[in-house]
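Each value in this text was obtained by applying a stated rule to the coordinates, not by laboratory testing. On a predicted model such as this, the values are computed, not experimentally measured, just so you know. For neighbour counting, all protein chains shown are included, and Cβ atoms are generated from backbone atoms with ideal geometry for every residue, glycine included.
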Amino acid sequence: MNKDKLVVGTRSSQLALWQADFVIGELQKHYPRLEIEKKLMTTKGDKILNAPLAKIGGKGLFTKELEEAMLSGEIDIAVHSLKDMPVAVPEGLVITAVTRRADPGDAFVSTRYSSFEELPPGAKVGTSSLRRRAQILHRRPDLQIEDLRGNVNTRLRKLDEENFDGIILACAGLKRLGLEDKIRQVLPLELCLPAVGQGALAIEARTDDAGTRAMLEFLHDRTTRICTETERGFLTAVEGGCQVPVGVYAVPAAGDGIIRVEAVIASLDGSVLLRRSLEAAAADAGSARVLGERLAESLLNMGGREILQSIGIDV
């Protein structure tokens, strides 16, 4: 049974608000009489900006407070960037819809150089991601990679204020905020595979809230869900509770129901990088996860396990 009111929880950053407003707009078009209240919340990840993400916790840094508010009944749904979500969702909650994926790529942003390849030896590049750091250093060990935290606009401001030669941001976030003109280059996938779920939005709800979940079905994109579940299956198998130097990307391949997934596991300094891909049928979320797990096991057995153990992650 459809409800007449929904309370939508979101972080208060400009990008998070865009994401929530996008979902609210789609709901209002689909249910013109629905009353929607937007509740802004602050997460631990928003409060601690002076330390690398890997040192202050795992992916739940940007979701925990929203999830607690859902479980208490304070809000009905939360809108997240799927890449910010842990692979384990708390008991009582469920990802009930995954939107059609936007650009999953990583963007090179610079006021000095038109492409990543133009960076001179020793150039200073900003990113808060171990995944980006490891893959970039594998290609260019001469670069000076420094942590860069904050929302999109803060990072763009720091580009000049802190004398970066370039910074790396998600393409989807820049495009959603109307900042596509800042993108100098979309990094080739051969250089930098994206984060799990990058470019997709996840809408989380209470498992037992059947009315709300039914209302959100029209926003769900089945292909995106299967591809991102493949990626989340991979991350689960390589200890997905932490920030880890891995990238993974799944897409539909030629042939009905076939998914191609490619992944890397790299050392923090990029000196060792293992890369492999698999193709297999994945008709639903369960088989998609199994495909991701198979690829993870293959990379772990190729030496990925030793790489992760060297940075304190037991797999």
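In this Cβ point-charge picture (+1 for Lys and Arg, -1 for Asp and Glu), segment 221-315 has a dipole of about 100 debye about its Cα centre. Were the residues from LYS38 through THR223 laid out at 0.36 nm apart, the gain over their Cα-Cα distance would be 63.8 nm.
Using the Cβ-Cβ distance between LYS3 and VAL89 with R0 = 30 Å, the FRET efficiency computed as 1/(1 + (r/R0)^6) comes to roughly 0.90. Helices in the chain, meaning DSSP H runs of at least 4 residues, each add -39500 (n - 2.57). Divided by all residues, the mean residue ellipticity at 222 nm is -9000 deg cm²/dmol.
Footprinting exposure proxy ranking of VAL248, VAL98, VAL8, fewest other C-beta atoms within 10 angstrom first, gives VAL8, VAL98, VAL248.
Each of ARG222, ARG100, ARG305 has some number of other Cβ atoms within 10 Å of its Cβ, and from fewest to most they run ARG222, ARG100, ARG305.
Under the convention that each Lys and Arg Cβ holds +1 and each Asp and Glu Cβ holds -1, the size of the dipole of segment 106-186 around its Cα centre is about 300 debye. What separates the Cα centres of segment 132-149 and segment 84-121 is a distance of 16 Å.
Here the chain is treated with +1 on each Lys and Arg Cβ and -1 on each Asp and Glu Cβ, and its dipole about the Cα centre works out to around 360 debye.
Result for the chain in a Gaussian network model with C-alpha springs under 10 Å: among PHE116, PHE22, PHE108, the largest mean-square fluctuation is at PHE22. Counting beta carbons within 10 Å around each of HIS80, HIS30 and listing the fewest first gives the order HIS30, HIS80.
Note on ILE258/ASN301: beta-carbon distance plugged into 1/(1 + (r/R0)^6) with R0 of 25 Å gives a FRET efficiency of 0.60. Please tell me which of these pairs span more than 28 angstrom C-alpha to C-alpha: LYS38/LYS124; LYS39/LYS175; LYS3/LYS39; LYS64/LYS124; LYS124/LYS182? Distance filter (> 28 Å) returns LYS38/LYS124; LYS64/LYS124.
Only Cα pairs under 8 Å and 6+ residues apart enter the sum, and on that basis the relative contact order of the chain stands at 21 percent.
Taking R0 as 30 Å, what FRET efficiency do you get between ARG157 and SER115 from their Cβ-Cβ distance, rounded to the nearest 0.05? Efficiency for this residue pair is about 0.85. Selection among ASN301, SER12, ALA195 by position relative to the dipole of the chain gives SER12 as farthest towards the positive end (Cβ unit charges, Cα centre).
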